[in-house]
Amino acid sequence: MKKIILSLHLLSLIFLDAKSLSFQHHDWQVVCDNTHTCRIAGYSSDESKENRVSILFTRKAGQGEPIRGEVQLASAYVEDTKLFQELPSLFKLELLIDNKSYGFVSMDKAKLVAPLSQRQIEGLLRALRKSSSIVWKYKKTTWKLSDEGSSAVLLKADEFQKRIGTRGAFFKKGKKGEEGVLKAKPLPILKVQDIENDKEIVLKESFVKKLDDLLSLGEEECWVDDEEDNNLVFYKLSSTKILASRLCWRAAYNAGSAYWVINSKPPFNPDLITSNGTAYYVDKHMGTISENQKGRGIGDCWSYSSYAWTGKIFELSSEGTTGLCRVIAGGGAWQLPTFVSSVK
């Protein structure tokens, strides 16, 4: 049996007014967004050489909210393997917990993601409260899910959503009802302003010279080796506002640009939005600055943010990661946001 010594005082802070949460322990993580929805992801051990698998539990805050579950088989870099080539277009994947069958899921080879049944979700949660063997099986091929770190992560989710001691807790179940659990928060609404296009504009040379000195950051935050790559570019946002940008830094497999909102005439009063931007674009008249950064070179995990133009400034509209770097899928296994919004 796994020895579980979990001290709430030592393990974490108590999130009484937390807006979001991101916590990892061994092969498990929990990420809760600003609406208080929590997503719990578990993976195969990082030492696994092949046949990796991941599962995701999702639950909104509030009373009586169900737990949804999904399973995903690794699709990254497996196209040329014998196993992948032999899989049929549709196949049944069996869940075995301590050698006991908990039924099958229908898996599409083109997606390798499938929803879990309620019986499977309940069986997995019981198993993850202790040391268990959790295996997904197709014929003689198996995918093993790690349980290392699951106890701490499930408890952290209970703590965030204030479910400790309730009948519906992930980990720390009790006899209490759910009257006192954390309530869900509504999606924040961002009202955006139209932008015609994202074509670059040309400013007077005298303005550019002034802005070249004004729009600069310290070397610890912003650096480039080639000055030619550091030229300022400008985009029209409105009759009174301009977006200015320049390459800020470059690393092995990532780069970031700084973006400022400035007045179209002096005084320019620059307002820095980010120094990690990767693109600015206009889609259906909505202006967005995006940040998409790899966690490592092979691109199996990413962090992301986006900012939407609201008429005066670019406001954060989304933020999160795609989960741990575990070679589950190109571009990342899951969407695990810490901030979500409704853009109108």
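The values are calculated or read from the model by the stated rules, or taken from the named source; none is laboratory data. As the structure is a prediction and not an experimental result, all values here were calculated from the model. Backbone-built Cβ (ideal geometry, glycine too); neighbour counts: all protein chains shown.
Computed values, structure above
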| quantity | calculated |
| --- | --- |
| Cβ pairs under 8 Å, 6+ apart, first in segment 285-300 and free of Cβ contacts under 8 Å to residues at least 24 places away in the same chain, second surrounded by fewer than 16 Cβ atoms within 10 Å (Cβ to Cβ) | 290/279; 290/281; 292/279 |
| Strands (runs of 3 or more DSSP E) contained in segment 226-296 and holding at least 1 residues over 20 Å from residue 206 (Cα atoms) and assigned by TED's automatic domain parsing to the domain that holds residue 323 | 241-250, 255-263, 271-277, 279-283, 286-294 |
| Verdict on residue 163 being in contact (Cβ under 8 Å) with a residue 40 or more places away in the chain and assigned to a loop (DSSP other than H, G, I, E, B) | no |
| Matching option when the condition is on the phi > 0 side of the Ramachandran plot, outside the structural domain of residue 48 (by TED's automatic domain parsing) and not basic (Lys, Arg), among 174, 165, 180, 149 | 165 |
| Given (1) in contact with a Leu (Cβ under 7 Å, 6 or more places away or on another chain); (2) closer than 30 Å to residue 316 by Cα; (3) in a loop (DSSP other than H, G, I, E, B), index of the condition residue 155 fails | (3) |
| Matching option when the condition is in contact with a Ser or Thr (Cβ under 8 Å, 6 or more places away or on another chain) and either under 22 Å from residue 32 (Cα atoms) or outside the structural domain of residue 102 (by TED's automatic domain parsing) (or both), among 124, 128, 112, 155 | 128 |
| Any chance residue 253 is in contact (Cβ under 8 Å) with a residue 12 or more places away in the chain, aromatic (Phe, Trp, Tyr) and closer than 22 Å to residue 198 by Cβ | no |
| Residue check for residue 246: of a type in the set (Lys, Arg), touching a Leu at 6+ places or on another chain (Cβ under 6 Å) and over 30 Å from residue 19 (Cα atoms) | yes |
| Among the candidates 173, 183, residue that is assigned to a loop (DSSP other than H, G, I, E, B) and under 26 Å from the mean Cα position of the chain (by Cα) | 183 |
| Residue within segment 196-219 that is within 22 Å of residue 291 (Cα to Cα), assigned by TED's automatic domain parsing to the domain that holds residue 288, in contact (Cβ under 8 Å) with a residue 60 or more places away in the chain and in a strand (DSSP E or B) present | no |
| Residue 120 vs. criteria of a type in the set (S, T, N, Q) and buried (at least 19 other Cβ atoms within 10 Å of the Cβ) | yes |
| Yes/no for residue 146 being surrounded by 13 or more Cβ atoms within 10 Å (Cβ to Cβ) and either touching a His at 6+ places or on another chain (Cβ under 9 Å) or free of Cβ contacts under 8 Å to residues at least 12 places away in the same chain (or both) | yes |
| Scope segment 59-108; condition closer than 17 Å to residue 135 by Cα, out of contact with any Lys or Arg (no Cβ under 8 Å at 6 or more places or on another chain) and polar (S, T, N, Q); matching residues | 72, 99, 101 |
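Residue-by-condition table, conditions (1) buried (at least 16 other Cβ atoms within 10 Å of the Cβ); (2) of a type in the set (Lys, Arg); (3) in contact with a strand residue (DSSP E or B) (Cβ under 8 Å, 6 or more places away or on another chain):
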{"position": "262", "(1), (2), (3)": "yes, no, yes"}
{"position": "278", "(1), (2), (3)": "yes, no, yes"}
{"position": "281", "(1), (2), (3)": "no, no, yes"}
{"position": "294", "(1), (2), (3)": "yes, yes, yes"}
